[in-house]
Amino acid sequence: METKVIKINRNQPDKALLKEAGQLLAKGALVAFPTETVYGLGGDGLKEDVAARIYAAKGRPSDNPLILHIAELSDMEKLAVDIPELAYRLAEQFWPGPLTMILKKAEVVPYATTGGLDTVAIRMPSDEIAREIIRASGTYIAAPSANLSGRPSPTKAEHVIEDLSGRIEMIVDGGDSDIGLESSIIDLSGEVPMILRPGYITKEDFERIVAEVEYDSAVLATKPQESIVAKAPGMKYRHYAPKGQITIVEGDNSAVIAKINALVEEQEAKGIRTAVLCAEETKAQYRCNYVYSLGSLKSEKEIAAHLFAALRFFDTEQLEVIYSESFEGTKLARAIMNRLRKAAGYQTLQV
Ligand code: AMP
Ligand code: MG
């Protein structure tokens with residue numbers, strides 16, 4: 001299949017092109033488009049056969065549920081039932097934006113989209129290109145991250161082209177993702193609101209709206225989680241894994257730098273392609289052929305936005321061993337470390 005790539009200028013979006021993308025979706029085609037979190041692989045979320053095509057294009061197991069993307073708040077009521085009042089309060093505060101809410105599903109939503117669950121994941125993106133395309137489609141758009149299963153989520157159109165060219169009808173290029181990490185997911189279908197995936201909207205943010213909110217045990221994991229019963233089928237799959245092995249080195253700053261330099265020297269002496277993943281502040285202190293800075297520690301947002309591109313870089317350069325600093329902290333750092341720990345298969349070294 002030939003994949004059409006169209007470029008949209010954010011300052012002057014070509015409405016006719018966005019309409020073309022929406023019309024393709026309305027016909028059951030697959031269109032990847034930018035959102036403020038990561039690029040999404042969109043398809044009509046109400047059609048079973050389209051959901052099946054999304055899974056096939058990604059090479060993703062079909063019990064991994066998809067998030068439905070909407071353009072108006074009122075759409076939530078078409079897709080969910082028994083909506084708690086809290087959902088409206090969260091929507092008022094965080095929509096449009098990087099928040100996904102899990103609610104009880106309405107009958108129109110096929111089980112093919114929810115991975116067989118009686119709940120549905122809903123998000124209203126703030127990205128204007130995304131919302132315009134959803135609006136033009138006249139339906140609700142199931143859109144998982146537009147990467148091949150097991151690869152890091154795409155934060156640039158080039159990442160999508162790399163993974164999905166020839167597998168979908170269209171890719172809409174809207175430049176780099178602003179946030180660069182997938183949406184925060186909060187489950188409102190149970191007694192206590194549960195954070196299933198940390199993201200740009202943090203536990204602290206939720207706590208300003210709701211008294212009681214908890215992390216799902218899988219979010220707090222520091223070990224591989226075969227033993228943990230996944231709340232959603234998707235949570236059990238390995239994610240974001242580069243081909244090389246990442247080890248997160250934790251401890252006092254100067255001890256970490258000394259340890260990483262010693263390990264790099266050992267590996268490079270054996271001819272192993274080795275990299276360091278670090279912050280801008282410490283970059284100059286590493287002796288390694290590949291030193292990748294995620295940005296300044298002064299900006300968690302910058303670090304988050306560059307993480308997935310770094311993981312892809314390691315694959316492109318065929319790096320075999322990667323030593324990473326820890327970016328532990330509060331707020332967004334929890335989301336960053338959640339992705340980095342998964343990418344490392346939870347391998348850490350204390351110094
Ligand atoms: P992605 O589409 O790649 O951003 O990831 C979608 C993720 O959303 C899945 O892997 C699940 O973890 C989560 N999800 C989607 N629908 C549900 C649901 N009904 N219940 C719980 N989690 C869900
Ligand atoms: Mg994904």
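The values are calculated or read from the model by the stated rules, or taken from the named source; none is laboratory data. In this text, all values refer to a predicted model and were calculated from it rather than measured experimentally. Because the Cβ atoms are built from the backbone with ideal geometry, glycine has one as well, and the counts that use them run over all protein chains shown.
Computed quantities for the displayed model
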quantity	calculated
Qualifying residues in the stretch 60-76 (those that are acidic (Asp, Glu) and surrounded by 15 or more Cβ atoms within 10 Å (Cβ to Cβ)) - the one farthest from the chain's Cα centre (by Cα)	ASP75
Which numbered condition MET1 misses (of (1) modelled with pLDDT of 95 or more; (2) away from ligand 2 (no atom under 16 Å from the Cβ); (3) under 25 Å from GLU169 (Cα atoms); (4) not polar (S, T, N, Q))	(1)
Which listed residue is more than 26 Å from GLY199 (Cβ to Cβ), modelled with pLDDT of 95 or more, aliphatic (A, V, I, L, M) and not in a loop (DSSP other than H, G, I, E, B), from ALA21, ALA16	ALA16
Every residue from the stretch 145-158 that is surrounded by fewer than 24 Cβ atoms within 10 Å (Cβ to Cβ) and within 15 Å of ligand 2 (Cβ to nearest atom)	LEU148, SER149, GLY150, ARG151
Qualifying residue in the stretch 163-171 (condition: touching a residue at least 24 places away in the same chain (Cβ under 8 Å) and touching a Phe, Trp or Tyr at 6+ places or on another chain (Cβ under 6 Å))	no
The stretch 307-334: number of residues that are in contact (Cβ under 8 Å) with a residue 40 or more places away in the chain, under 26 Å from GLY175 (Cβ atoms) and surrounded by 19 or more Cβ atoms within 10 Å (Cβ to Cβ)	8
Unique match (being within 23 Å of SER165 (Cα to Cα), under 22 Å from the mean Cα position of the chain (by Cα) and away from ligand 2 (no atom under 16 Å from the Cβ)) among ALA26, ALA52, ALA16, ALA57	ALA52
Test for PHE327: is it under 28 Å from the mean Cα position of the chain (by Cα) and assigned to a loop (DSSP other than H, G, I, E, B)	yes
Matching strands (runs of 3 or more DSSP E) fully within the stretch 105-208 where at least 2 residues are closer than 24 Å to GLU302 by Cα	170-173, 184-187, 194-197
Among the candidates LEU86, LEU117, residue that is more than 19 Å from SER177 (Cβ to Cβ), near ligand 1 (Cβ under 9 Å from one of its atoms) and touching a residue at least 40 places away in the same chain (Cβ under 8 Å)	LEU117
Of the criteria (1) over 24 Å from ASP75 (Cα atoms); (2) assigned to a loop (DSSP other than H, G, I, E, B), which one VAL38 fails	(1)
Residues (touching an Asp or Glu at 6+ places or on another chain (Cβ under 8 Å) and among the hydroxyl-bearing types (Ser, Thr, Tyr)) located in the stretch 286-318	TYR290, SER293, SER296
From VAL291, VAL264, residue being surrounded by fewer than 20 Cβ atoms within 10 Å (Cβ to Cβ), β-branched (Val, Ile, Thr) and over 26 Å from ALA221 (Cβ atoms)	VAL291
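Residues are listed down the side, and each one gets a yes or a no for (1) surrounded by 19 or more Cβ atoms within 10 Å (Cβ to Cβ); (2) β-branched (Val, Ile, Thr); (3) more than 15 Å from ligand 2 (Cβ to nearest atom):
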site: ARG123; (1), (2), (3): yes, no, no
site: SER137; (1), (2), (3): yes, no, yes
site: SER165; (1), (2), (3): no, no, yes
site: GLY180; (1), (2), (3): yes, no, no
site: PRO193; (1), (2), (3): yes, no, yes
site: ARG197; (1), (2), (3): yes, no, no
site: TYR200; (1), (2), (3): yes, no, yes
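Each row is one residue, and each column tells you yes or no for (1) modelled with pLDDT under 95; (2) more than 28 Å from VAL213 (Cβ to Cβ); (3) of a type in the set (Ser, Thr, Tyr).
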| site | (1), (2), (3) |
| --- | --- |
| VAL120 | no, no, no |
| PRO125 | no, no, no |
| ALA136 | no, yes, no |
| VAL160 | no, yes, no |
| SER165 | no, yes, yes |
